[in-house]
Structures are given as C-alpha cells and as structure tokens.
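Structure record follows, encoded as structure tokens.
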Amino acid sequence: MASSCSALSANLRTLPNPSFPRSPLLRIPLTPRFFAVNHGFSSLRLNSSSSSYSCRRTKASMAEIVTPKSKGKVVVFDSEEDLSVSLAEYAADLATKISREKGSFTVVFSGGSLVKSLRKLVEKPYIDSVDWSKWHVFWVDERVVPKDHPDSNYLLAYNEFLSKVPIPASNVYAISDALSAEGAANDYETCLKHLVKTKILDQSQTNGFPKFDLMLMGMGPDGHIASLFPGHSLVEENKKWVAFIEDSPKPPPKRISFTFPVINSSANIALVVAGGSKASAVYSALADVSNSEVLPVQLVEPEGELAWFLDKDAASKL
C-alpha cells in the first residue's frame, strides 16, 4: 500500500508556466501579499408552517434559510463575491480548529467553479494565519487526463489555489494519470487505505469508510456531484471507496469518483453553488417537495455537518 502512495506523490508535476513541462515533484511556492474584504450580513428564516419568508435585516450580504436539520445549514449571499468571503472564513476556521485538535487537516476538492470560490483563502488574513503544513489535499473526483490537460481538476486546483499556498507537496494526493480509469481508481483507493492505516485519514466508526475533515463540493445544473450523475449506476455503488466511470454524460467520459459512502462519512461537507442555471436542482434538494427522480445531490447526508453556500441566483426558486 505504501508504494502506491509514494507513486502518487512522485507523479505530481510542477506547472510553472503555460507550457507545463513535466517534473517529478510538485513544488508550491509561497504566496505574494494579498488583501481581504469584510462583509456584513442579514438573517432570513423560513417559516416552516406557512412556507413564507420573514426577514430580519442587519446588513445586506447574507441570509440564512431554515430547513429541516437533515438538509443542513443553508446560507444565501447577495453575490458570489460575498459567498467567497464567507467560504474562506468557514474553511480557515475549521482548518485551524481541527489542526489544533489532531495535528492535521484533510480536505477534499472538486472541480468546476468550486476552487475559484476559494480564492479569498490565498489573500490576507488567511494566507498568513492558516497553518498550511497541516493540510492534506484530495480530490472527490478527477478526469482521467494528463495533469497538464485543460480538463484536469488537479490543474485547475494548482493554478487557482495550490500554487499560491505553501502546502507540502507530499500532502497533495493526485491520481496517477499514467493508468486507465479503472487502474487510477484502484490505485487511489489503495492510497486512501494506506493513509487510514497510518492515521493520516480518520475512519468512520459507523461503516469503516475514510472520514475526511472537510469535503468542498460544487453541484452541476442536473444535480450531479463529484462524478455521480443522475440515473447512472455509479450512484448506487456502496462497496468501493473510489469507483471509475468510462461513459460520463459530461465530457471527458473517463473519470474516477469517491462513492456516496465515502462522501457521506465526512465530518463536514460544504456544498458551494452559484448561478441561476442551478436553481432548479437547488430547489429539488432543499424545498419540501417530493420528486419522481432523486438527484444525486439529494443523497448527500454526511455523518457530520452539512453547509450550503448559495448565491441569490442559485437560491432564486426557494
């Protein structure tokens, strides 16, 4: 098992410029100086008996919607900018708390707009106050393409985040892009099992699956999360930790993905959703309605805490 994890670390690449030359080890430089902006908020609560809204305004950037506890905490922001500010504070506070308690912080990224929403973390005060040496970074799903390919979730995370913070290269766990989709999934699962054995990763006492400290995920307009798409058999997988898909309805077709048992074993999950194209799926997930089709996002029910970060366009149908 240890050899698989070593191979993963050795397979990371330095991406210093647009030509993306290959290198045996990812090197992450220290960040230049940035600044952060503070924003206020308002409170918005849903009256469950009448399905109407009552609003207590303080400032104008944030509103909280009260939903059944099983659906998590739902906060709506006036803009994606306000959302990003709050997400940075949430992630930084959680990382500091958990790092002090256990000496490490395991965080999982997805692709798409999620990583861009973390941009405030590489600005002050977080760039200087977060103990980045404690972070261990994983991916909830990945496209089986070279790491310097435009479709790579790793490349997106590197360009937008990893290249700007001093997380040790050995703490960044990317898939092996030299393998097939099935091989990459098996290799990644082997690595996770090794990290559980060596106590880098916690393990759920309920089901034995790995228990990540924080899983940061976006959602597609069709309600898919990770590479778990509506109507696909992979949604039903409950044995494997990491599965592969070769017929993704969204290109590229070959991917690996954490399965729902792993996702739902998390101590904390943040679903970060912005844009009006996702409003219908948000409504299906959070409104008190019954649908004939259950979307993958509706199956997110972590052992720990679930938090929704929505901009007002994504929440427009609530």
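SER265 fulfils the conditions (1) in a helix (DSSP H, G or I); (2) touching an Asp or Glu at 6+ places or on another chain (Cβ under 7 Å) except for a single criterion, (1).
Let's see how each residue does on (1) touching a Ser or Thr at 6+ places or on another chain (Cβ under 9 Å); (2) at pLDDT 95 or above; (3) closer than 26 Å to GLU303 by Cβ:
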position	(1), (2), (3)
TYR158	yes, yes, no
LEU162	no, yes, no
ILE167	yes, yes, yes
SER176	yes, yes, no
SER180	no, yes, no
ALA185	yes, yes, yes
LYS197	no, yes, yes
GLN205	no, no, yes
LYS211	yes, yes, yes
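Whether a residue is buried (at least 23 other Cβ atoms within 10 Å of the Cβ), part of a helix (DSSP H, G or I) and on the phi < 0 side of the Ramachandran plot was assessed, and VAL272 does not pass this test.
Against the conditions (1) in contact (Cβ under 8 Å) with a residue 24 or more places away in the chain; (2) surrounded by fewer than 18 Cβ atoms within 10 Å (Cβ to Cβ); (3) closer than 21 Å to PRO253 by Cβ; (4) among the small types (Gly, Ala, Ser), SER170 satisfies every one except (3).
A single entry from VAL144, VAL115 fulfils the requirement of being touching a strand residue (DSSP E or B) at 6+ places or on another chain (Cβ under 8 Å), buried (at least 20 other Cβ atoms within 10 Å of the Cβ), without any contact (Cβ under 8 Å) to a residue 60 or more places away in the chain and under 27 Å from VAL300 (Cβ atoms): VAL115. Would you check if there is a residue in the stretch 202-225 being of a type in the set (Val, Ile, Thr), buried (at least 23 other Cβ atoms within 10 Å of the Cβ) and closer than 28 Å to THR96 by Cβ? Yes, some residue in the stretch 202-225 is of a type in the set (Val, Ile, Thr), buried (at least 23 other Cβ atoms within 10 Å of the Cβ) and closer than 28 Å to THR96 by Cβ.
Looking at the stretch 269-304, which of the residues that are of a type outside the set (D, E, K, R) and in contact with a Pro (Cβ under 7 Å, 6 or more places away or on another chain) is nearest to GLU182 (Cα to Cα)? Going through the qualifying residues, I end up with PRO296. Can you tell me which residue in the stretch 197-233 is farthest from ASP313 (Cα to Cα), limited to those that are touching a residue at least 60 places away in the same chain (Cβ under 8 Å) and charged (D, E, K, R)? That would be LYS197.
The rows are residues; the columns are (1) of a type in the set (A, V, I, L, M); (2) in a helix (DSSP H, G or I); (3) surrounded by fewer than 18 Cβ atoms within 10 Å (Cβ to Cβ).
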position: PHE244; (1), (2), (3): no, no, no
position: PRO249; (1), (2), (3): no, no, yes
position: SER257; (1), (2), (3): no, no, no
position: ALA281; (1), (2), (3): yes, yes, no
position: ALA314; (1), (2), (3): yes, no, no
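Checking LYS197, LYS120, LYS124, LYS193 one by one, the residue that is under 18 Å from the mean Cα position of the chain (by Cα) and either surrounded by fewer than 19 Cβ atoms within 10 Å (Cβ to Cβ) or basic (Lys, Arg) (or both) is LYS120 and no other. Would a scan of the stretch 181-195 turn up a residue that is of a type in the set (Gly, Ala, Ser), outside any helix (DSSP H, G or I), free of Cβ contacts under 8 Å to residues at least 60 places away in the same chain and farther than 30 Å from GLU81 by Cβ? No; the residues of the stretch 181-195 include none that is of a type in the set (Gly, Ala, Ser), outside any helix (DSSP H, G or I), free of Cβ contacts under 8 Å to residues at least 60 places away in the same chain and farther than 30 Å from GLU81 by Cβ.
The values are calculated or read from the model by the stated rules, or taken from the named source; none is laboratory data. Because the structure is predicted, anything quoted here is derived from the model rather than measured. Every residue, glycine as well, gets a Cβ built from its backbone with ideal geometry; the counts of neighbours run over all protein chains shown.
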